[in-house]
Amino acid sequence: MSKVSVIIATYNSAAYLKEAIDSVLAQEYKNFEIIIVDDGSTDRTKQLVEGLQAHNSQRIQYVYQQNQGPAPARNSGIKHADGRYIAFLDADDIWLPDKLSKQMPCFAQRPQTGFVYCDNIFVDENNRPIENYIRKIKLLEGSILLELFNDFFIITSGIVLKRECIDAIGLFDEKLLVGEDYEFFLRLAKNYQAGVVRERLFRRRVHAQSLSRQDYALDACNDINTLIVFLKNNPAFYQQHRAQVSRRIADYYFDFAYRLLDEGKNFLAFQNLISALRYKRSLRIFKNLLMCCLPYQYRKKIKGNNV
């Protein structure tokens, strides 16, 4: 039974952290260590972890660092890990007891597999399931790079990967405040086969304080830049799938521009629509370029009349 290093990066999440840690301690798969990286929390995180360490000193390692963001925190956890496998758990998410026991056999069943992910249940702040949540998890195995490029469907708390994968592709990009997981998973999927357990094995908490929900513009800009940089670094992938990946980037620019238009930010919307045109020409892009020339109130009136 190979050892799994479970990395929990946390920042001011004491309200949820114990539940996350307890969900790892309750795993049916018993060969694991928990590395908690406290990214400069100012709440009761340290005291909470120390209390849990008193009863699980061999299981729980606590690492404190000045606030730097998710990527440096996860990288710190990786550097302190000694397991053959690495798993991540966000501090406000919850694993079900059989998560590791159902994921780990996948590596033996398909030796070429570099990482294994699973489905999840979206829950609110009070751990109540959210019905018909907009995000869907695609459950694919093997080479999933093209599908992942076109739709970011892997959640960090759901993945287990071989340590050797990280040694080969490198750590999370610490220049990225958000979107560091997407950039990392693209590199991972480019180089390694995916395994999947088509079951809901963890609870993903959705709440207003989630970092990626605090600044949509920052999130969108980072993701677009991540996709473009990936294409520049992988020209063969771009040429092989040019039509699909161009449509993906154009749609991303368009969706961002549409939201900016709705907020009355005409000039920024215009810039993003022009960027969309570089990758794909479509009537809806041209129509919205014209909408950028109209005053905000007049545009809202036209939109209302078309409902």
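The values are calculated or read from the model by the stated rules, or taken from the named source; none is laboratory data. The shown structure was predicted, so the numbers you read here are calculated from the model rather than taken from an experiment. Here the Cβ positions follow ideal geometry from the backbone for every residue, glycine too, while neighbour counts run over all protein chains shown. In case anyone asks, the SASA skips ligands and DNA or RNA and just uses the protein heavy atoms, side chains included. Shrake-Rupley method; radii C 1.70, N 1.55, O 1.52, S 1.80 Å.
Take the range 1-136 with all the other protein chains still there, run a 1.4 Å probe, and you get 45 Å² of accessible area per residue. May I ask for the net charge around Ile86, where only other residues with Cβ less than 13 Å from the Cβ of Ile86 are counted and Lys, Arg are +1 while Asp, Glu are -1? So the surrounding residues net to +2.
For the chain, the equivalent ellipsoid built from the Cα gyration tensor has semi-axes of 37, 23, 17 Å, listed from largest to smallest. Element breakdown for the range 84-124 at a 1.4 angstrom probe: carbon and sulfur atoms account for 56% of the accessible area. Along the chain, counting only trypsin sites (Lys or Arg not before Pro) with a DSSP assignment other than H, G, I, E or B and at most 15 other Cβ atoms inside a 10 Å radius, the longest segment between sites is 176-280. When only alpha carbons are used to place a centre, the range 97-159 and the range 30-72 end up 24 Å from one another. Computed from phi, the 3J(HN,Hα) profile of the range 28-42 under the Karplus parametrisation 6.51, -1.76, 1.60 (θ = phi - 60°) reads 5, 7, 9, 8, 8, 10, 10, 10, 9, 9, 8, 8, x, 4, 10 Hz, with x in place of Gly and Pro.
Among Ile121, Ile134, Ile144, the largest mean-square fluctuation in a Gaussian network model of the chain (Cα springs under 10 Å) belongs to Ile134.
Pairs exceeding a 19 Å alpha-carbon distance, out of Lys232/Lys287; Lys30/Lys102; Lys79/Lys99; Lys136/Lys190; Lys99/Lys190; Lys162/Lys190: Lys232/Lys287; Lys79/Lys99; Lys136/Lys190; Lys99/Lys190. Accessible surface comparison of Leu140, Leu176, Leu227, probe 1.4 Å, protein chains only, largest first: the order is Leu140, Leu176, Leu227.
The residue among Asn127, Thr113, Leu89 whose Cα reaches farthest toward the positive pole of the charge dipole of the range 83-142, with charges on the beta-carbon of Lys, Arg, Asp and Glu, is Thr113. The figure for Cys221 is an accessible area of roughly 70 square angstrom, using a 1.4 Å probe on the protein chains alone.
Taking the Cα centre of the chain as the origin, how large is its charge dipole in debye, to the nearest 20, when only Lys and Arg (+1) and Asp and Glu (-1) carry charge on their Cβ atoms?
For this selection, approximately 1300 debye.
Only protein heavy atoms count here; on that basis, with a 1.4 Å probe, Met291 has an accessible area of about 50 Å². Across the options Ile8, Ile35, Asn56, the greatest Cα extent toward the positive end of the charge dipole of the range 1-57 (unit charges at beta carbon of Lys, Arg, Asp, Glu) belongs to Asn56.
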